[in-house]
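What follows is one structure encoded as structure tokens, with my remarks underneath.
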Amino acid sequence: MDGQICFCGRVGKINCSWTTSNPGRRFVGCERYGKAGACGYFMWVDAPMCDRARVVIPGLLRSIGRLEAQVRREKKIKMYLVVALITSWVLWTCVFALVM
């Protein structure tokens, strides 16, 4: 499929659709597909997905997105906690030095 010549004479490029109706389905399009000057060449590489896959895959992608956002939030919280811990050690050391 890759290497097909599109209507404007360019080599077609394999892309992946992430629409709700065709999640993860590959297609060949003009190398300028989605940009100004594209010729409109389009051909599916993969067979159509079953109805169940059209429901399950977007749900899985949403779940992945939520989990990745949660990981980013927890990394930020971890960074704040490390800064707070280091700050408390520095302050404790200063107080201890003044007392002694």
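If eta is 1.306 mPa s and T is 10 °C, what Stokes-Einstein diffusion coefficient results for the chain, Kirkwood Rh from Cα pairs, in µm²/s?
Details: Rh = 18.2 Å.
This corresponds to a translational diffusion coefficient of 87 µm²/s.
Considering amide H positions built from the backbone, and no H for Pro or chain starts, which residues 5 or more places from Gly24, or on another chain, come under 5 Å of its amide H?
Counting only residues 5 or more places away or on other chains, the set is Ser17, Trp18, Thr19.
Isolated Cys in the chain by the 4.7 Å beta carbon test?
Cys16, Cys50, Cys94
Alpha carbon centre of the range 1-26 versus the range 29-62: separation in Å?
7
Around Arg72, under 15 Å between beta carbons, what's the net of Lys plus Arg minus Asp minus Glu among the other residues? Write down the numbers at each step before the final one.
Details: positive: Arg66, Arg73, Lys75, Lys76, Lys78; negative: Glu68, Glu74.
Its environment carries a net charge of +3.
Once amide H atoms are placed 1.01 Å from N in the peptide plane, what residues at a sequence separation of 5 or more from Glu31, or on another chain, have their amide H within under 5 Å of its amide H?
Here Lys13 satisfy the definition.
Report ³J(HN,Hα) in whole Hz for each residue of the range 93-99, in order, from the Karplus equation J = 6.51 cos²θ - 1.76 cosθ + 1.60 where θ = phi - 60°; Gly and Pro get x.
4, 5, 5, 4, 5, 6, 6
Can you tell me, using C-alpha contacts under 8 Å and at least 6 residues apart, the relative contact order of the chain as a whole percent?
Values: 100 pairs, mean separation 17.1, N = 100.
Reported relative contact order: 17 percent.
Based on the mean of other Cβ atoms within 10 Å per residue, sort peptides 13-24, 87-98 so the most packed one is first. Could the numbers behind the result be given before it?
On the way: 13-24: 14.2, 87-98: 9.5.
Peptide ranking by packing, descending: 13-24, 87-98.
Ordered by residue, what ³J(HN,Hα) values in Hz, to whole numbers, does the range 17-32 give under the Karplus form 6.51 cos²θ - 1.76 cosθ + 1.60, where θ = phi - 60° and Gly and Pro are x?
Values, residue by residue: 7, 10, 6, 5, 7, 9, x, x, 7, 8, 8, 9, x, 3, 4, 9 Hz.
To the nearest 20 debye, what is the magnitude of the charge dipole of the chain about its Cα centre, counting +1 on the Cβ of each Lys and Arg and -1 on the Cβ of each Asp and Glu? Display every interim value, and only then the final one.
Working: 15 positive and 6 negative charges, 33 e Å.
Dipole about the Cα centre, nearest 20: 160 debye.
Tell me which of Gly37, Met100, Cys16 sits at the most positive position along the dipole axis of the chain, charges placed on C-beta atoms (Lys, Arg +1; Asp, Glu -1).
So the residue furthest toward the plus end is Met100.
Read-outs: derived from the displayed coordinates by stated rules, not from any lab. Fair warning: this is a prediction, and the values are worked out from it, not measured in the lab. Counting neighbours? That spans all protein chains shown, and the Cβs are built from the backbone with ideal geometry, glycine included.
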